[in-house]
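Since the structure comes first, as structure tokens, the remarks are kept for the end.
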Amino acid sequence: MQTIVGRCDHSPMRRLFILSVLALPACSAAPPSADQSPIAAIEVLTPTSNDKSDLIALLRQAAPKEGFHVDNGSAQWREFARQAKDLPPPARKTLYAGVWNGNDDDDLIAMADDGAHNGRSWITIYPGKHGAAARRFWLDLKVGIMRRWPATQPVPILPSGSLPLSEDLQLTPKGYRIRRSAAANYGLASSSSLLADGG
């Protein structure tokens, strides 16, 4: 499954669906287009409602500086999850927000969600159609995040531009690395710097 960027209509449920697709790790090894390949991905510890609120506040503080805006779908997603049955782990989210450029939300800049890793929100930054502005947004956001959450860890970005599954990650002194036992799942050579030294 390749990452899909954009939206086809303005309904809240359609937006949630598209955001959900973006939050899922891609299964395809095909390289994404330039505006879809992440420039950064990090994990922020958000076990409490205050943590989640602080993260949304930081996104809302940084986004307008570059002409971006934040759509926080956390409450809508929690309601959707309560009504839905048999949701897969990536769809079980308590925090779910996107940073967008454009009035029609057709240019994704960042995604924040805790699907499949509740209490640990992953923020993925994309260059979108305005890479320089997206990078400035990321640098500004990063300062605020590291001040609030100094234990923040980078999440490895695969050569395909997708992110690994959280259960395949191992925390090392150098940050998160992919467990060697999962290397084949991502087509990684044993010499890849994305792999942990052991396991």
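The values are calculated or read from the model by the stated rules, or taken from the named source; none is laboratory data. Small disclaimer: the values here were computed from a predicted structure and weren't measured. FYI the Cβ positions are ideal-geometry reconstructions off the backbone, even for glycines, and counts take in every protein chain you see. With ligands, DNA and RNA removed, areas are computed over all heavy atoms of the protein, side chains included. Shrake-Rupley method; radii C 1.70, N 1.55, O 1.52, S 1.80 Å.
Overview of values
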read-out	value
Residue satisfying all of: in the stretch 128-152; in contact with a strand residue (DSSP E or B) (Cβ under 8 Å, 6 or more places away or on another chain) and at pLDDT below 95; nearest to Ile42 (Cα to Cα) among these	Ala151
Test: Gly73 is more than 30 Å from Arg177 (Cβ to Cβ) and buried (at least 17 other Cβ atoms within 10 Å of the Cβ)	yes
Failed criterion for Pro159 (all others in (1) crowded, with 16+ Cβ neighbours inside 10 Å; (2) in a loop (DSSP other than H, G, I, E, B) hold)	(1)
Condition broken by Ser11, with the remaining ones in (1) farther than 25 Å from His130 by Cα; (2) open to solvent by 30 Å² or more (accessible area, probe 1.4 Å); (3) under 14 Å from the mean Cα position of the chain (by Cα); (4) modelled with pLDDT under 75 satisfied	(3)
Subset of the stretch 188-199 (residues that are open to solvent by less than 70 Å² (accessible area, probe 1.4 Å) and in a loop (DSSP other than H, G, I, E, B))	Leu188, Ala189, Ser192, Leu194, Ala196, Gly198, Gly199
Qualifying residue in the stretch 139-155 (condition: touching a Ser or Thr at 6+ places or on another chain (Cβ under 7 Å) and either of a type in the set (S, T, N, Q) or exposed (fewer than 15 other Cβ atoms within 10 Å of the Cβ) (or both))	yes
Complete set of residues in the stretch 125-156 that are part of a loop (DSSP other than H, G, I, E, B) and under 25 Å from Ser181 (Cα atoms)	Thr152, Val155, Pro156
Subset of the stretch 132-160 (residues that are aliphatic (A, V, I, L, M) and more than 15 Å from the chain's Cα centre (by Cα))	Ala132, Ala133, Leu139, Val143, Met146, Ala151
Residue among Pro164, Pro173 that alone is open to solvent by less than 10 Å² (accessible area, probe 1.4 Å) and more than 22 Å from Leu58 (Cα to Cα)	Pro164
